[in-house]
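Each remark here refers to the structure printed beneath this line.
The values are calculated or read from the model by the stated rules, or taken from the named source; none is laboratory data. Computed from a predicted model, the values in this text were never measured in an experiment. Neighbour counts run over all protein chains shown; Cβ positions are idealised from the backbone, glycine included.
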Amino acid sequence: MTDKPRWFQTTAIDYPNSRPHIGTAFEKLGADVQARYRRMEGYDVFFLMGNDENTLKVADRAKSLGQEPQAYCDDMARQFQEVWKALDISHDTFIQTSHERHKQCCRKFVQKVYDNGYIYKGSYEGWYCPGCEEFKSDKVHAESGGLCPNHKRPLVRRSEPCWFFKLSAFKDRLLEHLKGNPEFVQPESRRNEMIGFIEAEGLQDLNISRHGEEWGIKLPFDPEFTIYVWFDALLTYITGIGYGDDEATFRKHWPADVHFIGKDITRFHTHIWPAMLWAAGEEAPRKVFSHGFVYVKNEEAGTVEKISKSLGNVIEPMEVISKFSADAFRYYFLRECPFPSDGEFSWTRFAEVYNSELANSLGNTLSRCTTLILKNFGGVLPGTNGYTPSWDYLSVPFDNKMSIVKPSVPRTLEAARSLTESCNYNQAIINILLGILSPTNQYLEFKAPWKLVKTDKEATKEVLFNAVQSLRAVSILLKPFIPKSAEAIYTSFNFPTPWAEVKYADAAELKAQPDDLRITAELIDGKVKPLFPRIG
RNA sequence: CGCGGCGUGGAGCAGCCCGGUCAGCUCGCCAGGCUCAUAACCUGGAGGUCGUUGGUUCAAAUCCAACCGCCGCAACCA
């Protein structure tokens with residue numbers, strides 16, 4: 001239908017045993033920025049998200065609430081999507097692994113791997129607690145002195161039959177792949193880590209079955225067993241685009257351009273996942289991006305804590321969104337927490353960033369421009385039809401300090417573009433603010449249109465026209481990050497290109513204004529409403 | 001000796017890969033300016049021997065070594 005380049009990306013899928021918190025949301029945000037940016041760049045984007053439901057924990061949680069697992073999962077899926085919607089996450093599909101279509105496609109995949117000889121029967125041996133009826137890791141065994149942490153009873157050595165995936169068979173190919181494709185695992189440090197793991201420990205075959213569980217997907221060749229939740233979860237990335245029942249769609253999208261995941265599950269995505277795909281005769285994904293974590297700053301203690309229920313520091317996205325806005329939420333995390341590494345949240349810091357950058361810098365610049373035009377020109381700059389933007393007003397040194405770093409919209413555009421593509425979102429945003437917004441305020445200060453208008457209306461018109469161009473550029477560059485606010489800024493004026501058609505490169509475009517530049521924003525008491533009211 | 005990351009003015013960070021043009025940015029603080037704007041904006045200032053020690057070099061925040069301190073991960077806790 002189109003020769004647009006395609007772009008397929010996913011986030012990790014989440015366990016629905018509790019509602020999403022700000023850390024969960026961080027990943028979706030980072031992925032969303034990429035999706036929005038790629039759409040602006042003309043890609044045919046398909047963005048997959050979902051929930052990972054076939055785990056015993058989910059079934060247990062449902063039981064404790066007196067619900068059927070399926071009903072529970074469906075309700076949680078609804079709740080998750082409500083949050084994603086509130087955050088303006090622009091995913092195209094949302095997969096629930098408990099749904100029949102996923103299960104069937106999943107079984108087809110497993111069967112294929114089995115047919116190809118990469119699944120074999122063996123036995124798993126480990127430390128078992130008869131009270132919990134489950135195996136405990138060697139770590140637990142070592143740390144608890146051989147006792148079950150829950151039952152305080154001795155763990156017993158036990159072995160039981162199971163099915164293994166022959167992960168070890170892919171060791172050489174995987175190492176070669178990791179080493180030969182620097183882009184495959186990002187950021188770089190994770191890639192080194194992943195190579196290091198294999199070189200140090202090799203790859204052991206993986207038990208991919210669980211015995212005697214009701215909730216889950218049955219192995220097609222041995223219905224006594226269910227499929228280990230990870231093996232099934234990873235498959236959403238392909239079952240969600242038609243693997244197993246819609247070959248054409250699957251071929252259109254696969255291989256994925258990027259999987260966005262948390263740094264804790266990098267091994268699953270860079271060792272097990274490619275091996276699984278190869279075992280089924282498919283290609284590995286092009287890139288796995290391991291983002292950092294968000295921690296919560298405990299402002300009383302001055303410490304930084306991992307988000308956890310036991311510490312009672314869980315913050316849900318809705319707490320922030322309902323108090324402020326989705327864009328305020330997006331801005332904070334994208335600006336303040338470097339996507340490839342870790343970040344922190346605190347309400348104090350939130351208010352600082354919000355006031356300083358969204359209210360004082362971005363919102364206030366819009367206010368001063370619109371007010372000047374409204375007060376002095378009745379909202380229209382007459383005779384500016386045919387004016388073509390030029391960025392000289394920012395790069396000509398209007399103050400002797402300016403010569404060091406000449407701000408330039410085209411240069412900022414390129415910086416923002418490359419930083420966004422490499423998922424360094426916070427750096428991209430900083431560049432946009434420092435590269436355009438800040439010099440624009442200096443420019444206004446230097447030209448003082450509020451004074452100039454008394455002596456030279458023509459010159460004032462040009463100054464305001466220029467300043468508004470900065471807002472246009474900034475709104476375009478910020479579109480992937482704070483879509484609603486960016487749109488509000490852009491549509492406050494009658495710029496020639498419709499918002500929906502704006503490309504990233506248009507930020508630096510030199511397209512003539514066909515009509516007189518005018519304020520098109522809604523006016524309240526003759527003024528444009530503040531975009532980001534300060535937090536008191 | 002498990003793996004990885006971090007330590008830069010009061011706070012948060014950038015710079016380090018490719019040594020010199022680097023001590024930079026934001027917030028806060030102090031002084032001044034402006035008054036179009038969301039008590040916003042602009043200018044100037046105080047404040048750091050870039051964790052420690054040693055090495056390489058004409059020259060190190062930047063490279064090398066050792067040490068100290070903080071943090072994360074270690075197969076189902078985003």
* Write out, first by first residue and then by second, each pair whose Cβ atoms fall under 6 Å of each other, whose residues are 6+ apart or on separate chains, and whose first residue, in the range A:191-219, is surrounded by 15 or more Cβ atoms within 10 Å (Cβ to Cβ) while the second is outside any loop (DSSP other than H, G, I, E, B) and of a type in the set (Lys, Arg). => A:Leu203/A:Lys171; A:Ile217/A:Lys103
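Residue-by-condition table, conditions (1) in contact (Cβ under 8 Å) with a residue 40 or more places away in the chain; (2) within 30 Å of A:Trp347 (Cα to Cα); (3) away from RNA strand B (no atom under 12 Å from the Cβ):
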| residue | (1), (2), (3) |
| --- | --- |
| A:Thr249 | no, no, yes |
| A:Trp254 | yes, no, yes |
| A:Ile265 | yes, yes, no |
| A:Phe268 | no, no, no |
| A:Ile272 | yes, no, no |
| A:Met276 | yes, no, yes |
| A:Ala279 | yes, no, yes |
| A:Phe289 | yes, yes, yes |
* Answer from A:Ser438, A:Ser475 - the residue that is within 23 Å of A:Gln34 (Cβ to Cβ) and part of a helix (DSSP H, G or I) -> A:Ser475
* **Among the candidates A:Lys57, A:Lys63, A:Lys4, residue that is without any contact (Cβ under 8 Å) to a residue 40 or more places away in the chain and either out of contact with any Lys or Arg (no Cβ under 7 Å at 6 or more places or on another chain) or aromatic (Phe, Trp, Tyr) (or both)** => A:Lys63
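Rundown of residues vs (1) in contact with a Cys (Cβ under 6 Å, 6 or more places away or on another chain); (2) away from RNA strand B (no atom under 16 Å from the Cβ); (3) at pLDDT 95 or above, yes/no style:
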position: A:Leu477; (1), (2), (3): no, yes, yes
position: A:Glu487; (1), (2), (3): no, no, yes
position: A:Tyr490; (1), (2), (3): no, no, yes
position: A:Thr497; (1), (2), (3): no, yes, yes
position: A:Glu509; (1), (2), (3): no, yes, no
position: A:Gln513; (1), (2), (3): no, yes, yes
position: A:Leu517; (1), (2), (3): no, yes, yes
position: A:Gly526; (1), (2), (3): no, no, no
* Asked: Counting only residues that are away from RNA strand B (no atom under 16 Å from the Cβ) and aromatic (Phe, Trp, Tyr), which one in the range A:9-64 is surrounded by the fewest Cβ atoms within 10 Å (Cβ to Cβ)?
  -> A:Tyr43
* Asked: Any idea which of (1) within 20 Å of A:Leu478 (Cα to Cα); (2) at pLDDT 90 or above; (3) charged (D, E, K, R) is the one A:Glu445 doesn't satisfy?
  -> (1)
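Against the definition (within 12 Å of RNA strand B (Cβ to nearest atom) and either in a loop (DSSP other than H, G, I, E, B) or closer than 30 Å to A:Val474 by Cβ (or both)), how does A:Thr348 come out, yes or no?
yes
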* From the list A:Phe221, A:Phe170, pick out the single residue that is under 22 Å from A:Lys103 (Cα atoms) and touching a Phe, Trp or Tyr at 6+ places or on another chain (Cβ under 9 Å). => A:Phe221
* To do: Scan the range A:372-393 residue by residue and report those that are over 17 Å from A:Val453 (Cβ atoms) and part of a loop (DSSP other than H, G, I, E, B).
  => A:Asn385, A:Gly386, A:Tyr387, A:Thr388, A:Pro389, A:Ser390, A:Trp391
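So which of A:Gly30, A:Gly23, A:Gly66 is outside any helix (DSSP H, G or I) and of a type outside the set (Val, Ile, Thr)?
Among A:Gly30, A:Gly23, A:Gly66, only A:Gly66 is outside any helix (DSSP H, G or I) and of a type outside the set (Val, Ile, Thr).
Name the single residue that is farthest from A:Phe46 (Cα to Cα) among those in the range A:104-116 being touching a residue at least 40 places away in the same chain (Cβ under 8 Å) and surrounded by fewer than 19 Cβ atoms within 10 Å (Cβ to Cβ). Outline the logic, then answer.
To start, the set of residues in the range A:104-116 that are touching a residue at least 40 places away in the same chain (Cβ under 8 Å) comprises A:104-114, A:116.
Applying the additional criterion that residues be surrounded by fewer than 19 Cβ atoms within 10 Å (Cβ to Cβ) yields A:104, A:108, A:111-112, A:116.
On the way: A:Gln104: 22, A:Lys108: 23, A:Gln111: 27, A:Lys112: 26, A:Asn116: 30 Å.
Only one residue fits best here, namely A:Asn116.
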* To do: Among the numbered conditions (1) near RNA strand B (Cβ under 9 Å from one of its atoms); (2) more than 28 Å from A:Gln186 (Cα to Cα), tell me where A:Asp342 comes up short.
  => (2)
* **Where A:Lys166 falls short, out of the listed (1) in contact with a Cys (Cβ under 7 Å, 6 or more places away or on another chain); (2) modelled with pLDDT of 90 or more** => (1)
* **Restricting the range A:78-106 to residues that are hydrophobic (A, V, I, L, M, F, W, C) and part of a helix (DSSP H, G or I), the residue that is nearest to A:Asp327 (Cα to Cα)** => A:Ala86
* **Selection count, the range A:1-19, where residues are under 15 Å from A:Gln96 (Cβ atoms) and not polar (S, T, N, Q)** => 5
* **strands (runs of 3 or more DSSP E) within the range A:239-342 that include 2 or more residues surrounded by fewer than 20 Cβ atoms within 10 Å (Cβ to Cβ) and over 23 Å from the mean Cα position of the chain (by Cα)** => none
* Residue that is within 10 Å of RNA strand B (Cβ to nearest atom) and either in a helix (DSSP H, G or I) or more than 32 Å from the chain's Cα centre (by Cα) (or both), where the choices are A:Glu445, A:Glu458 -> A:Glu445
